[in-house]
């Protein structure tokens, strides 16, 4: 069960993703296997006292590339543990990019869970928005229509202020939400 410390805020900020089904557009051209590396590319900005995604964007102006994310299955940490693939424990902003692979066409539900702020897009369409400082909570579930199997561009801006951190993505085509496997993500070499 997901708990919402500030449910009105979560619903208000996630509204753009709830406006029905979002139709995705596959990457064009489709990347070939030889040009891809596993996981997602990430660049980090550090320091400051970000409380919003706008603050995180400011920190990312001086971002440095980090070790690729294996996927989007970073469970809630204990305070003092490193954030994502950094050696930092707090005040981290991340610009994430790459591709997500859908093996079949259809309508999927996607859900992003974060601590703290997150905005995510697939094929340029917003699928998650949860701004501000909060615990490890869902940005809501968004229906996405996948017209063809293949790779779709994915981008996200994420920040963690202090304390614990999490960043997760789940999906479902059959009703049961499951973590997106790491193998479904790739980025250009």
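The values are calculated or read from the model by the stated rules, or taken from the named source; none is laboratory data. Owing to the predicted nature of the structure, the values given are computational and were not obtained by experimental measurement. Neighbour counts are summed over all protein chains in view; Cβ atoms, including those assigned to glycine, are modelled from backbone coordinates with ideal geometry.
Being buried (at least 17 other Cβ atoms within 10 Å of the Cβ) and touching a residue at least 24 places away in the same chain (Cβ under 8 Å): is that true of residue 118 here? Explain how you work it out, then say what you get.
Values: buried (at least 17 other Cβ atoms within 10 Å of the Cβ): yes; touching a residue at least 24 places away in the same chain (Cβ under 8 Å): yes.
Against the criterion (buried (at least 17 other Cβ atoms within 10 Å of the Cβ) and touching a residue at least 24 places away in the same chain (Cβ under 8 Å)), residue 118 qualifies.
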>> Consider the range 141-173. How many of its residues are at pLDDT below 95 and out of contact with any strand residue (DSSP E or B) (no Cβ under 7 Å at 6 or more places or on another chain)?
In response: 3
> For the range 127-140, how many residues meet the condition of being surrounded by fewer than 19 Cβ atoms within 10 Å (Cβ to Cβ) and out of contact with any strand residue (DSSP E or B) (no Cβ under 7 Å at 6 or more places or on another chain)?
Replying inline: 2
> Out of the range 11-47, which residues are in contact with a helix residue (DSSP H, G or I) (Cβ under 9 Å, 6 or more places away or on another chain), surrounded by 18 or more Cβ atoms within 10 Å (Cβ to Cβ) and either modelled with pLDDT under 95 or in a strand (DSSP E or B) (or both)?
Replying inline: 44, 45
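Output the residue which, of all residues in the range 48-82 that are in a loop (DSSP other than H, G, I, E, B) and free of Cβ contacts under 8 Å to residues at least 60 places away in the same chain, is surrounded by the most Cβ atoms within 10 Å (Cβ to Cβ).
First, the residues of the range 48-82 that are in a loop (DSSP other than H, G, I, E, B): 48-52, 63, 66-68, 70-72, 75-82.
Adding the requirement that they be free of Cβ contacts under 8 Å to residues at least 60 places away in the same chain leaves 48, 63, 66-67, 80, 82.
On the way: 48: 14, 63: 15, 66: 19, 67: 13, 80: 9, 82: 13.
In this case the residue turns out to be 66.
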